[in-house]
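For reference, the structure discussed in these notes is given below.
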Amino acid sequence: MAPRIGVTACAHLQDYLEAVRRGGGEPHVLEPADTPATSVLDGLDGLLLTGGRDVDPEFYGEKCHGTTEDAEPGRDAFEVALVREAVGRDLPVLGICRGLQVMNVALGGTLVQDIASIITGAEAHGVTDTPVTLAHEVWVTRDSQLWKALEEVLSDETCEVNSRHHQAVRKLGKGLEASATSPDGVIEGIERPRSRFCVGVQWHPENFWRTGEFRPLFEAFVAACGERVRPSP
């Protein structure tokens, strides 16, 4: 029985769904109207947080930067609640781009609201030529959950990634550690070591489902979810 993975709704959903399927999971789309989070996760074996617009800085106690783009109504509160509930249940979590940022904020962290205007010397992180355009490399921390998931595709603890974000982690949330950075020091991966699997990446591995460069990440996530699959009645 394939693990049932809750995937948060977003504007470009199909690549996420296909990446989960190729990783061996059965995706189920979660909408902000599906409340409360305490019951939404019932019957699911994992949670995938997708990309999208920015998390409202109200959730981490800051005023809105001029470049911040509001997410869909209700999405921030819904996904923050999902993360807290999932972590409380030790439900495997994978966050992608905005999803990483939601994870961090949900656990008490803060964000850099605009990399280009706030981080001196930052390289380009908002590369939008094509979904699979490689923008820069990331350096992955050895023996982290992310490193173990990507070990077979890493070259000397690095890999090339695509990039479509203008925000990033500033202060890490409680219990989280940085597990990947770009050469300019921007955090590109986070995780919660105490959890079975709780990983966020700032790039978009789902865009590579056709060619499989990051399939091992989805397979590792689905495998962790599979440990929770209930036996057939």
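The values are calculated or read from the model by the stated rules, or taken from the named source; none is laboratory data. Since we're looking at a predicted model, the values are computed, not measured. Please note: Cβ atoms are built from the backbone with ideal geometry, for glycine as well, and neighbour counts cover all protein chains shown.
Inspect the stretch 209-229 for any residue being in a strand (DSSP E or B) and either surrounded by fewer than 22 Cβ atoms within 10 Å (Cβ to Cβ) or not small (G, A, S) (or both) and give the result as yes or no. No, there is no match, as no residue in the stretch 209-229 is in a strand (DSSP E or B) and either surrounded by fewer than 22 Cβ atoms within 10 Å (Cβ to Cβ) or not small (G, A, S) (or both).
Within the stretch 193-206, track down each residue that is surrounded by fewer than 22 Cβ atoms within 10 Å (Cβ to Cβ) and touching a residue at least 24 places away in the same chain (Cβ under 8 Å).
Step one: list which residues in the stretch 193-206 are surrounded by fewer than 22 Cβ atoms within 10 Å (Cβ to Cβ), which gives 193-196.
Of everything in the stretch 193-206, those that are surrounded by fewer than 22 Cβ atoms within 10 Å (Cβ to Cβ) and touching a residue at least 24 places away in the same chain (Cβ under 8 Å) turn out to be P193, S195, R196.
Restricted to the stretch 60-71, and to residues there that are at pLDDT below 95 and either touching an Asp or Glu at 6+ places or on another chain (Cβ under 7 Å) or acidic (D, E) (or both), the residue that is farthest from H12 (Cα to Cα) is H65.
Per-residue answers, yes or no, for (1) surrounded by fewer than 20 Cβ atoms within 10 Å (Cβ to Cβ); (2) touching a Gly at 6+ places or on another chain (Cβ under 7 Å); (3) within 25 Å of R215 (Cβ to Cβ); (4) aliphatic (A, V, I, L, M):
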site: V7; (1), (2), (3), (4): no, no, yes, yes
site: A19; (1), (2), (3), (4): no, no, yes, yes
site: P27; (1), (2), (3), (4): no, no, yes, no
site: D34; (1), (2), (3), (4): yes, no, no, no
site: L49; (1), (2), (3), (4): no, yes, yes, yes
site: H65; (1), (2), (3), (4): yes, no, no, no
site: T68; (1), (2), (3), (4): yes, no, no, no
site: L82; (1), (2), (3), (4): no, no, yes, yes
site: P92; (1), (2), (3), (4): no, yes, yes, no
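Inspect all residues belonging to the stretch 124-142 and state whether any of them is surrounded by fewer than 16 Cβ atoms within 10 Å (Cβ to Cβ), on the phi > 0 side of the Ramachandran plot, modelled with pLDDT of 95 or more and not in a strand (DSSP E or B). No, the stretch 124-142 has no match at all. Restricting attention to the stretch 11-69, the residues that are of a type in the set (A, V, I, L, M), closer than 19 Å to E85 by Cα and touching a residue at least 24 places away in the same chain (Cβ under 8 Å) add up to 10. A search for C-beta distances below 7 Å between a residue of the stretch 120-137 that is within 13 Å of F208 (Cβ to Cβ) and any residue that is surrounded by fewer than 15 Cβ atoms within 10 Å (Cβ to Cβ) and at pLDDT 95 or above, counting only pairs 6+ apart in sequence or on different chains, returns L134/E160.
With respect to P193, determine if the residue is over 20 Å from V55 (Cα atoms), in a loop (DSSP other than H, G, I, E, B) and modelled with pLDDT of 95 or more. Yes, satisfied.
For the stretch 164-176, state whether one or more residues are under 20 Å from T68 (Cα atoms), in a strand (DSSP E or B) and out of contact with any His (no Cβ under 9 Å at 6 or more places or on another chain). Yes: one or more hits. For the stretch 47-59, the count of residues that are modelled with pLDDT of 95 or more, touching a Leu at 6+ places or on another chain (Cβ under 9 Å) and among the aromatic types (F, W, Y) is zero.
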